[in-house]
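A.B. asks: Okay, handing you the structure first.
The values are calculated or read from the model by the stated rules, or taken from the named source; none is laboratory data. A quick note: this is a predicted structure, and the numbers were derived from the prediction, not measured. As a convention, Cβ positions derive from the backbone with ideal geometry for all residues, glycine included, and neighbour counts pool all protein chains shown. Accessible surface areas use protein heavy atoms only, side chains included; no ligands, DNA or RNA. Shrake-Rupley method; radii C 1.70, N 1.55, O 1.52, S 1.80 Å.
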Amino acid sequence: MFESLQERLGSILNGLTGRGALSEADVSAALREVRRALLEADVALEVVRSFTDKVREKSVGAAVLKSIKPGQMVVKIVHDELVAMLGDEGVAIDLNAPAPVVLMMVGLQGSGKTTTSAKIAKRLTERQGKKVLMASLDTRRPAAQEQLRQLGEQVKVTTLPVVPGQTPVEIARRAEQAGRLGGYDVVILDTAGRTHIDEPLMVEMADIKAAAKPHEVLLVADSLTGQDAVNLARNFDSRVGVTGLILTRMDGDGRGGAALSMRAVTGKPVKLIGVGEKMDALEEFHPKRIADRILG
Ligand code: GDP
């Protein structure tokens, strides 16, 4: 991920640092290239525009252009703006609430929601010593409920037994109750997905949210879907309200645009990234490290 962007930006910025003096026109020309590279990496247009505007504003001041190493100062400005665009600091899942803390996972079918639920459960159990309960709210697909049960077994985390005929809202309430009575720290609700956003899905998510009062609503999105993932996040956030984003398949060969623009478009932090199918393939999202990687 980000390799081609890294290559493109690297050579544009090397062109700047290799020179002793810089004019406003030099900076503008480089920024046009930066803009093209970001658009090719599938970063959202509005994000690219605001990014290059900010870099231009900060770069063309006399202090920068007349400095001893203007190119290096421009590169630093690009770096800092990249970090600002990605969200200054990594933001962890917030468990700061009375137990059981309810985490509601939302997203489209196939985005990696069930896998990610189990990965998070494993992580919280192993690294933070939490007692976690998972529940599948996908009443339309018995296979999804079975998948969560199997993953639960694999990561040694309890799943709520399935009671046939219950609605997602009823399951959510039962999960919360089981969490409370069973002394669980965290309850993860793996909601149903669809192949695309539709009204019944949004209504179902809103109903579950109203009933379960989750402390976090985490949208799981496939990073390989690029701008679709960004639009999805915008949609889910305006209809259901999300508190954080999780991008899966960051191990794939996507261009990285979704990861780069999601925070800026939604204002919500990318909390975790999925980097493979294995249960340990989940990482925190560190904006600064990613900016360092992109700028080499
Ligand atoms: P759901 O329908 O949203 O619950 O999606 P699943 O959790 O069933 O995931 C769909 C497929 O994507 C499964 O084969 C997962 O193993 C795979 N998957 C999930 N996250 C990742 C990831 O970060 N990287 C890769 N390579 N595959 C993933």
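A.B. asks: Subtracting the Cα-Cα distance from 0.36 nm times the residue separation, let me have the gained length for Ile197 to Glu284 in nm, one decimal.
C.D. replies: 28.6 nm
A.B. asks: Give the angle, between 0 and 90 degrees and rounded to the nearest 10, that separates the Cα long axis of helix 199-212 from the longest principal axis of the Cα atoms of the chain.
C.D. replies: The answer is roughly 70 degrees.
A.B. asks: Please work out, to two decimal places, the log10 of the ratio I(q)/I(0) at q = 0.11, 0.12, 0.15, 0.27 Å⁻¹ from a Debye calculation in which every Cα of segment 168-234 carries one identical scatterer.
C.D. replies: The computed values of log10 I(q)/I(0) come out as -0.32, -0.38, -0.57, -1.25.
A.B. asks: Along the three principal axes, how long is the chain when you take its alpha carbons, biggest first, rounded to the nearest angstrom?
C.D. replies: 71, 38, 31
A.B. asks: Which of the lysines could a cross-linker bridge to Lys209, judged by Cα under 24 Å and excluding same-chain residues fewer than eight apart?
C.D. replies: Cross-link targets: Lys113, Lys119, Lys122, Lys130, Lys131, Lys268, Lys271.
A.B. asks: Continuing with the same structure: Report the residue, chosen from Leu13, Leu247, Leu224, that carries the largest GNM mean-square fluctuation when the chain is represented by alpha-carbon nodes joined by springs under 10 Å.
C.D. replies: With Cα springs under 10 Å in the chain, the top fluctuation among Leu13, Leu247, Leu224 is at Leu13.
A.B. asks: Okay, moving on. Projected onto the charge dipole of the chain (+1 at Lys/Arg Cβ, -1 at Asp/Glu Cβ, origin at the Cα centre), which of Val60, Val270, Thr225 gives the Cα projection farthest towards the positive end?
C.D. replies: Val60
A.B. asks: Specify which residue in the list Met104, Gly257, Leu86 is farthest towards the positive end of the charge dipole of the chain, using unit charges on the beta carbon of Lys, Arg (+1) and Asp, Glu (-1), about the Cα centre.
C.D. replies: Checking the options against the dipole of the chain, the answer is Leu86.
A.B. asks: Roughly what % of Cα-Cα distances in segment 169-296 sit above 18 Å, to the whole percent?
C.D. replies: It works out to 58 percent of all Cα pairs.
A.B. asks: Taking 0.36 nm per residue of separation and subtracting the Cα-Cα distance, what length does fully extending Lys69 through Gln154 add?
C.D. replies: Contour length minus the Cα-Cα distance gives 25.1 nm.
A.B. asks: To continue, here is another question. Kindly work out what percent of the DSSP beta bridges joining two residues of the chain are antiparallel, to the nearest 5.
C.D. replies: Of all bridge pairs located within the chain, approximately 10 percent are antiparallel.
A.B. asks: Placing unit charges on C-beta atoms (Lys and Arg positive, Asp and Glu negative, everything else neutral), compute the dipole magnitude of the chain about its Cα centre in debye, rounded to 20.
C.D. replies: Dipole of the chain, to the nearest 20 debye: 420 debye.
A.B. asks: For the chain, set up a GNM with springs between Cα atoms under 10 Å and report which of Ser111, Ser136, Ser67 has the largest fluctuation.
C.D. replies: Ser67
A.B. asks: I've got another one for you. Taking the Cα centre of segment 152-296 as origin and charging only Cβ (+1 Lys, Arg; -1 Asp, Glu), how large is the dipole, in debye to the nearest 20?
C.D. replies: 400
A.B. asks: Sticking with this structure for a sec: Pull up the cross-link candidates among the lysines for Lys69, meaning alpha carbon to alpha carbon under 22 Å and not fewer than 8 places away within one chain.
C.D. replies: Within the straight-line limit of under 22 Å, Lys69 reaches these lysines: Lys54, Lys58.
A.B. asks: Let me ask another. Between Val163 and Asn231, what is the label-point separation in nm under the 7 Å Cα-to-beta-carbon projection?
C.D. replies: 4.0
A.B. asks: Another question, if that's okay. On average, how much accessible surface per residue is there in the chain, in Å², for a 1.4 Å probe, leaving out ligands, DNA and RNA?
C.D. replies: Ligands and nucleic acids excluded, the result is 45 Å² per residue.
A.B. asks: Go ahead and estimate [θ] at 222 nm for the chain from helices alone: -39,500 (n - 2.57) per DSSP H run with n ≥ 4, summed, over the residue count, rounded to 500.
C.D. replies: Per the formula, -17000 deg cm²/dmol.
A.B. asks: Starting from the Cα-Cα distance between Lys54 and Leu39, subtract it from 0.36 nm times their residue separation and give me the gain in nm to one decimal.
C.D. replies: Extra length from Lys54 to Leu39 when fully extended: 3.8 nm.
A.B. asks: Trypsin sites (Lys or Arg not before Pro) within segment 245-296: which are DSSP loop residues with at most 13 other Cβ atoms inside 10 Å?
C.D. replies: Lys278
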